[in-house]
Amino acid sequence: MATKTYPHSAFEGLRPFCVQLTMEQTVQNVKNLRKQISSTDEPALQDLLDYVLFPLRFSIKTAGTKKPGLMEAVLECITHILSITRLKSPVVLQEMFSELCSCIPADPLQPVPEELKLALILAMRSLLRSSGADVLCVLYKPSMLPEMGFTITLLLRFAELEKSREIRLEALNCLERLLAPDIKQVTSLGNLFASFLPGVCTVLTRIIGGDPKQGYKIISTVIRLWAGIVSIVMSDESLAQVPEKKPVYPGLSGRVAELMAYRDRTWVEHSVSRLLIHLEKITECCTANPHWKVRLALVDLTDLLLTRCWNSLGAAVGSLLQILVSLMSDDTSEVKTRARKVLQKVSTEGSASRKLGDVLSESLYSLAATLPRLLSSQDDQGKLRTLALFLGYLQLLGPRLKFILHSPAHLQRLSSALLQTLELDLCSVKIVEKRLPCSARNLRQQDLPHTGVQQKSFRFFRDPHILSHIQQICRLLGYYGDLNLLTDYFLSLYRAQRLPAVIVLNQLVLGAAGIDIEDLSGGIRVLEAIELLDTIRPLLEEYTDPSNWYLLTCQDSVELVDRFALLRVGSPQKPAISDMTANSWKLCLQLEGISCFAQALGSNFRPLLISALYPLLEKAGDPSLMVSGSAMVALDNVSQACGYKDVNQLIELNADYLASEVSVGLRRLRRRHGGAARVLHAMLENCGPSLLPLLYELVQDLLPALDQSQNEGAKILFPVLNSLVNKLGRWFPSPRTGTPPVTDASIQHQSHHENLAEEMTLFLQDHIEQHRIAKGDLEEEEAADVLPPSEDVTDVQKPPLPTHAQITKEIAERCTHFLSHNDAQLRIQALDTLGLSLIPLHSREDVLLPLAHKIWPCLVKRLVQDEPLVLLRAFQMLVSLAASCKDFIRQRVCKDALPAFLTSLRSQALVSCHAGPVYSHTLGFKLQKALLDGLGTLCVDLALGDGDLLEVIDSCVLYLSARQPKHLQEAAVRTLLSLSQLDPDIVWLHLCEWQSPPEVPHPSLVPLSWTVRSNDEYTQNVCKVLQKLQGL
């Protein structure tokens, strides 16, 4: 720490060291001087500044070879002295500036140590910093042009070519100090630096576009330097003071005078054209720079140039505004906020504000012309920057955009750019392959994330952020532009089969409603609900027009072929996959549009429900998974916008209107393929029993439509009938008295509390009593209990059937007609629906038994003479019928159906016994397993007699063989255990020969003759069954 000294004592302390260094220039002498300087008080050092600097300056000027490290030590000492003192002599400044310039040889090929370079830069920077504004002026006179040029060239060379990042940064900082002095001689600085402008800008631009790993500090500093020298040379204030004729500088040599540039109009225009090239290169490199401080420096560059050089850089104003606009949507809040502040300042200040609209309009027109080409050639980051620029132009134009879009040229160029950019990629086959498994789905909100909504695929981009930018552009057009003009224009393009116009129309409506709009003025203005409703209504009518709504979306679609109106390519009977893909996308975009309309209108969308809800439900059951998923999302958005709790409530509260539309649609089934059936299916899936009063009337229209549509129409209606009967069975369940399934646990828990003797006694007593009554041996009291039939039997009037039972009865009777249809798919659908109709009618024998009588002839043919798949469904139907009718159909089953089942089981047992593992995937295996699984329940429900029971047991025993597939063995075991509920003794007797003879329970009983079979392929499964029968 320096101690307080007086000038005389300080001089006495410094004098020996200064003299010693003057006499002998060594590193040690420099260090000794610096040490003494450090111990000297700063005020005293300030008074002795010239004296202290003399030996150091003498060391620099001394000719000859210097010792290693001497020059570095001298420069470091000078840096230290100037950092704590102020240089007040212009002459000393000028001399030292020249002396420091001579420290480095002019030849760039001569090697110079990095330490010397760094020391020189720091000394030069300290020299400039220690000089006040009144002293610095001497450096910026025309006579100093050669020294200034050499220094600038030297510093630029260090900044560009040095490997050391420290040297490069210090060189740039020193250059910044040199080129941006804190003096007020703006005109003289502009004249002086005009000579250096081309070279400085060229080198700085090369540095910016150089190694991307050089770091953000270097790039941001270079950007500040570039902006600083351009703003000094090209500032409007400086150029306004340039004389009309080239000035003459007295006392200036001819060669130096030639170096001074004259900034006339021609020079300015030429310089601006060159600066534009540099600016484009800087913009290209810096707008995509990953570090936000580089982008922030770029914003500061535009702010400085637009503020000082608006008139002189007129040709570059568009490029400067382009930089600001593109950074308005930057990811970093600091950059975004700064860019918006600069733009707001530009748009509100004087002449700049008046010209801004024209510049933005021209820039928007030019960008719209090149937008498709840019998006097809740039990478994703480049596309995002281009769209951010487009978006910024629209935000800056604001309300002026409405007048610009009245220009046909602007509107045509803008619409062409948007439609080409949004061109869809229709090459995906998956869109056509994905199918809805049934004609309607349960429209619950938790299912929406799993719907088949397809990610939009565009020709020119894949990144969803790019689509988000384009949507924002369209919304701004709707927000600032004339909505009626834009919707009419893009609607005409839509009618001309320009599919992307739908996307634009949807976003225009959202923008007009102020949804997701960012207004730079801070306020959001939206259209009145009535105006918005008047605009949306014709769009909704156009979307749901039959020519745009009923389109083929897959090969087995049931829409009318003559309504395939989007693209008529190839044969109408076999449309191309590309056509169906286009249809699917068209429907999805229209459904998305309805969703957008609901979001824009909110609760005001309710008047449009009468036009939108029925078509939406039609498409919710579309066979294309993509279309149905889009419809479900649209329904959810509509329900939320209109204030409903969910889609179920939306459908339930509008069921009366939907029922009316469905009734009309069913009467016109031949002309409106499938729509009414899908809507009815959706109503059934999403409503409750409150729908029943409307269902009876709908069934009266549905069943005649089924009679008139025996082929394709029936395939549409049967899923609806199936769903209807299924829902009635759930809404109005009837008590079931069927036989519960037999499990191992239930058999093991059955036990008799009586012992064997008591059981035998009761059995014999009952047998004797029944034998006596059968012979007619009755006592008088018993005979008196038997009354003759009454002759006067009054018919008791039966109560009317409930509505759900009446509906089920009528549907079941209609399904009976289709059991003999020549289409196997319709026969299967009819059998499935019949099976479900037995559930609501289970407790109503007065309806069920006549129905069973009517069904039986057709059902027997399906059981005996039909295809395996139909036979399988028919057998399942028979099991359900037996559970409901029981002994009513016992004789018919035993006579007509059971023999065929047993014959099939016996013949197929030989096949499955020798089959391999692949056999389990065949239809024959599935039929065998279904017969084995259902025979047990069927026999128990029908309470078969001993003879038929023995036949069934005999057929099932064949599948106890260890050679049979394992699943068939298990099914046979379960069937035998089920049959044991009827008569376990018969089952035991049939299987007993596989086990050892039982012990005689009492000496009075005679031992039975017993034939024991040796162990074979049946033994293991037979023993398993017998073991479980022991618990009975």
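The values are calculated or read from the model by the stated rules, or taken from the named source; none is laboratory data. Since this is a predicted model, take the numbers as computed values, not measurements. Cβ coordinates were reconstructed from backbone atoms using ideal geometry, including for glycine residues, and neighbour counts include every protein chain displayed. Keep in mind that these areas ignore ligands, DNA and RNA; they rest on the heavy atoms of the full protein, side chains included. Shrake-Rupley method; radii C 1.70, N 1.55, O 1.52, S 1.80 Å.
Results, tabulated for the structure shown:
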| quantity | calculated |
| --- | --- |
| Qualifying residue in region 955-971 (condition: surrounded by fewer than 13 Cβ atoms within 10 Å (Cβ to Cβ) and either in contact (Cβ under 8 Å) with a residue 60 or more places away in the chain or under 27 Å from W856 (Cα atoms) (or both)) | no |
| Pairs where the first residue, in region 974-993, is at negative phi and the second is open to solvent by less than 40 Å² (accessible area, probe 1.4 Å) and polar (S, T, N, Q), C-beta under 6 Å, 6+ apart | V987/S980 |
| Extreme residue, modelled with the lowest pLDDT, among residues of region 727-771 that are assigned to a helix (DSSP H, G or I), open to solvent by 50 Å² or more (accessible area, probe 1.4 Å) and under 30 Å from E845 (Cβ atoms) | Q770 |
| Residue match in region 816-829 (condition: under 21 Å from L898 (Cα atoms), in contact (Cβ under 8 Å) with a residue 40 or more places away in the chain, open to solvent by 30 Å² or more (accessible area, probe 1.4 Å) and assigned to a helix (DSSP H, G or I)) | yes |
| I208 vs. criteria within 41 Å of the chain's Cα centre (by Cα) and within 18 Å of N173 (Cα to Cα) | yes |
| Residue satisfying all of: in region 262-289; in contact with a Pro (Cβ under 9 Å, 6 or more places away or on another chain) and part of a loop (DSSP other than H, G, I, E, B); least open to solvent (accessible area, probe 1.4 Å) among these | N289 |
| Matching option when the condition is crowded, with 19+ Cβ neighbours inside 10 Å and either hydrophobic (A, V, I, L, M, F, W, C) or part of a helix (DSSP H, G or I) (or both), among A409, A339, A315, A369 | A339 |
| Failed criterion for P247 (all others in (1) closer than 21 Å to M144 by Cα; (2) open to solvent by less than 20 Å² (accessible area, probe 1.4 Å) hold) | (2) |
| Of the criteria (1) at pLDDT below 85; (2) out of contact with any Pro (no Cβ under 7 Å at 6 or more places or on another chain), which one I536 fails | (1) |
| Meets criteria (open to solvent by 20 Å² or more (accessible area, probe 1.4 Å), charged (D, E, K, R) and touching a Lys or Arg at 6+ places or on another chain (Cβ under 9 Å)) for D380 | yes |
| Residue ranges of helices (runs of 4 or more DSSP H) in region 593-686 with at least 1 members within 23 Å of the chain's Cα centre (by Cα), closer than 29 Å to Q455 by Cα and among the small types (G, A, S) | 609-620, 625-641 |
| L21 vs. criteria out of contact with any Lys or Arg (no Cβ under 9 Å at 6 or more places or on another chain) and over 23 Å from R125 (Cβ atoms) | yes |
| Selection within region 295-312 - assigned to a helix (DSSP H, G or I), over 14 Å from K341 (Cβ atoms) and either over 41 Å from the mean Cα position of the chain (by Cα) or hydrophobic (A, V, I, L, M, F, W, C) (or both) | A297, L298, L301, L305, R308 |
| Among (1) under 20 Å from L1026 (Cβ atoms); (2) open to solvent by less than 50 Å² (accessible area, probe 1.4 Å) - the single one L982 does not satisfy | (2) |
| Positions within region 930-947 being acidic (D, E), under 16 Å from Q891 (Cβ atoms) and buried (at least 18 other Cβ atoms within 10 Å of the Cβ), in sequence order | D941 |
| Some residue of region 873-891 being among the charged types (D, E, K, R) and under 54 Å from the mean Cα position of the chain (by Cα) | yes |
| Matching residues, region 157-184, being among the polar types (S, T, N, Q) and either surrounded by 16 or more Cβ atoms within 10 Å (Cβ to Cβ) or without any contact (Cβ under 8 Å) to a residue 40 or more places away in the chain (or both) | N173 |
| Qualifying residue in region 140-156 (condition: of a type in the set (F, W, Y), crowded, with 22+ Cβ neighbours inside 10 Å and at pLDDT 85 or above) | no |
| Verdict on E652 being open to solvent by 10 Å² or more (accessible area, probe 1.4 Å) and in contact with a Cys (Cβ under 7 Å, 6 or more places away or on another chain) | yes |
| Test result for T85, among the β-branched types (V, I, T) and closer than 19 Å to L169 by Cα | no |
| Top-ranked residue in region 684-722 [being touching a helix residue (DSSP H, G or I) at 6+ places or on another chain (Cβ under 6 Å), open to solvent by 10 Å² or more (accessible area, probe 1.4 Å) and under 24 Å from L819 (Cβ atoms); ranked as modelled with the highest pLDDT] | N722 |
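A quick yes/no check of all residues on (1) of a type in the set (V, I, T); (2) modelled with pLDDT under 90; (3) in contact with a Cys (Cβ under 7 Å, 6 or more places away or on another chain):
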residue: S439; (1), (2), (3): no, yes, no
residue: P449; (1), (2), (3): no, yes, no
residue: V453; (1), (2), (3): yes, yes, no
residue: R459; (1), (2), (3): no, yes, no
residue: D463; (1), (2), (3): no, yes, no
residue: L483; (1), (2), (3): no, no, no
residue: F490; (1), (2), (3): no, no, no
residue: L493; (1), (2), (3): no, no, no
